[in-house]
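The values are calculated or read from the model by the stated rules, or taken from the named source; none is laboratory data. Worth saying up front: this structure is predicted, and the values here are computed from it rather than measured. Here the Cβ is made from the backbone with ideal geometry for all residues, glycine too, and neighbour counts use every protein chain on show.
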């Protein structure tokens, strides 16, 4: 029965107002906000559908990456020079300008790579959930995905249709 | 932006995915021609590795010539991506929408091409790895990071990695659309790359933040890259190169040539893919105005370089500027550079009618890059033409030979082929950005006129 309890539903809509109405109706029917997702082919302004606010920790990633990159830069410049201290042209073994350049690039590279990882991680990608999807969303339709119907599939379907869903897809 | 078209989402998909999903005959012809030129350049590189660099026109002291000019030129072109994409994203400029991806893609391929030139220039490419990366762990000998030539790879690898990641992250939503529209191997290909992107409000929120955050992170890298490229010259004690103004001068020169290259690319894409609804005269007007500002900033730094060179009254510097500006054949090249690199393009772009004429902008932007290639050529080669102490066999004029011509041609073919193949596989104009523009646009009635407006968060 677990499969029936968690069965997901996707309602397709033509406009943003109907999607907002669908979310209101589903919440009124006691579907938890975190189980309702709006799918679109373009970014809408935040809160356009009255969806729940979802937090993220993306801003932490660049700092971790920058720290890692800085450490690698330090190892490449100071570490390698101290490992084989060779005086060239009377210049000090640990010269500040080269260290600054390579530390800077290492720090930025680390920050950017970790930001990219953070974007992928926080976007919950790759998505292997197998939740229903419809190619019409890529053509301008808007989808309301009810990720857990908890045995109340018929209620969810009724509310989606009442809000103006043009089609319902089940998985 | 007055040219606002109402384009429904399915038409945006039809128009912008037409080329990635259906292959016209001309693609094979053009790709074949470009591939042949690239192949010739690759053969030339093999020959250079086999017989040595004496097949180039190098002299006793002139060994930084066409290859290094090309390196600096393509690094310059690569600055288009960040200039257009990052700055316009950060400032939320509405006209960025059809421009950003082409600019970012140009960055990636131009930088990849630039990276090949210092490697080829070394003659024995495989040995370059020893200089750049730590080697020989058993004996504990490491490369010397005190050399400016070691800073280059760190900057360029950072920029290339960042730009490629930037392109990919912004591409994910469009890969999802391509996945939903394709069948067979293409469907599998786009499905893997899209990683199951569904377009949830959370994913879109992160996409928006990613655009701004990555722009903010890449922007300082972009400034550092061409600064460090300039250090290859400025850190040397060579008259004509040893200048404190080189870093900002190189950066602004890169922006001037890079943004011009974006204008060229936009005109060609519009023509090749029939993108008249997406790339309008308004976009060229905006790029033209941006170019006017950048060109004058570049002129300021160019003038500083000349003034600092002359005002010091150092004999070697004066002789070098005399060579660059008044001695045959550099004087003719200097005049062509001045005309094509500043006077003609800026003179023409002052007029709105010309900025809105796409054919004119195509030729003007090409002219700018002829001038900017010559600028790097004049900047790099003449200072090495002086007779050096203790050099007895002296042949002072460097003359490019056939391999140099093929390598220059090959570099243009490589970048063009890269952008063409990318456009064949992926939409070169961001679908979601165009659709977002459609969702957010509105009109305000003020008195008796209706004014286009954009709703922003």
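Being more than 30 Å from residue B:55 (Cβ to Cβ), touching a helix residue (DSSP H, G or I) at 6+ places or on another chain (Cβ under 7 Å) and modelled with pLDDT of 90 or more is true for just one of B:409, B:425. Which residue is that?
Checking each option against the conditions leaves just B:425.
Quick one: count up the residues across segment B:193-215 that are more than 7 Å from chain A (Cβ to nearest Cβ) and either surrounded by fewer than 21 Cβ atoms within 10 Å (Cβ to Cβ) or touching a residue at least 24 places away in the same chain (Cβ under 8 Å) (or both).
Of the residues in segment B:193-215, 4 are more than 7 Å from chain A (Cβ to nearest Cβ) and either surrounded by fewer than 21 Cβ atoms within 10 Å (Cβ to Cβ) or touching a residue at least 24 places away in the same chain (Cβ under 8 Å) (or both).
Select from segment B:25-62 the residues that are closer than 30 Å to residue B:276 by Cβ and out of contact with any helix residue (DSSP H, G or I) (no Cβ under 9 Å at 6 or more places or on another chain) and write down the one among them that is surrounded by the fewest Cβ atoms within 10 Å (Cβ to Cβ).
Among those that are closer than 30 Å to residue B:276 by Cβ and out of contact with any helix residue (DSSP H, G or I) (no Cβ under 9 Å at 6 or more places or on another chain), it is B:25.
Would a scan of segment B:255-267 turn up a residue that is in a helix (DSSP H, G or I) and within 11 Å of chain A (Cβ to nearest Cβ)?
no
What number of residues within segment B:121-143 are part of a loop (DSSP other than H, G, I, E, B), crowded, with 17+ Cβ neighbours inside 10 Å and modelled with pLDDT of 70 or more?
Here the count works out to 0.
Go through the residues of segment B:217-227 one by one and say whether even a single one is closer than 30 Å to residue A:52 by Cα, more than 10 Å from chain A (Cβ to nearest Cβ) and in contact (Cβ under 8 Å) with a residue 12 or more places away in the chain.
No, there is no match, as no residue in segment B:217-227 is closer than 30 Å to residue A:52 by Cα, more than 10 Å from chain A (Cβ to nearest Cβ) and in contact (Cβ under 8 Å) with a residue 12 or more places away in the chain.
Across segment A:156-166, what is the total count of residues that are surrounded by fewer than 17 Cβ atoms within 10 Å (Cβ to Cβ) and not in a loop (DSSP other than H, G, I, E, B)?
3
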